[in-house]
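To start, the structure itself, in structure tokens.
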Amino acid sequence: MKTLDQLKTKLLKNPQTRAEYDALAGEFEAARELMAAFVERQSSPKHADGAALRQGRGRAGCGAD
């Protein structure tokens, strides 16, 4: 079985695949930035209650239980 890096290297040898991959680089960077911001926000102490609510551990009396 190939590793992801081996598969990526093989696929990107194809000029058409490389062109499409390069064309999407900006979109992938934007997605990485959004995910990093989300993770950073979720790990912030002031958002701990919000993270607990989204995971189904809401506080009593707030209607999220």
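Numerical summary
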read-out: Filter result for residue 13 (open to solvent by 100 Å² or more (accessible area, probe 1.4 Å), modelled with pLDDT of 95 or more and either in contact with a helix residue (DSSP H, G or I) (Cβ under 8 Å, 6 or more places away or on another chain) or not in a helix (DSSP H, G or I) (or both)); value: yes
read-out: Candidate set: the range 16-47, residues that are at pLDDT below 90, of a type outside the set (Ser, Thr, Tyr) and touching a helix residue (DSSP H, G or I) at 6+ places or on another chain (Cβ under 9 Å); chosen: the one most open to solvent (accessible area, probe 1.4 Å); value: 41
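The values are calculated or read from the model by the stated rules, or taken from the named source; none is laboratory data. The model shown is predicted, which means the values in this text are computed figures rather than measured ones. Backbone-built Cβ (ideal geometry, glycine too); neighbour counts: all protein chains shown. These area figures cover heavy atoms from the full protein model, side chains too; ligands, DNA and RNA do not enter into them. Shrake-Rupley method; radii C 1.70, N 1.55, O 1.52, S 1.80 Å.
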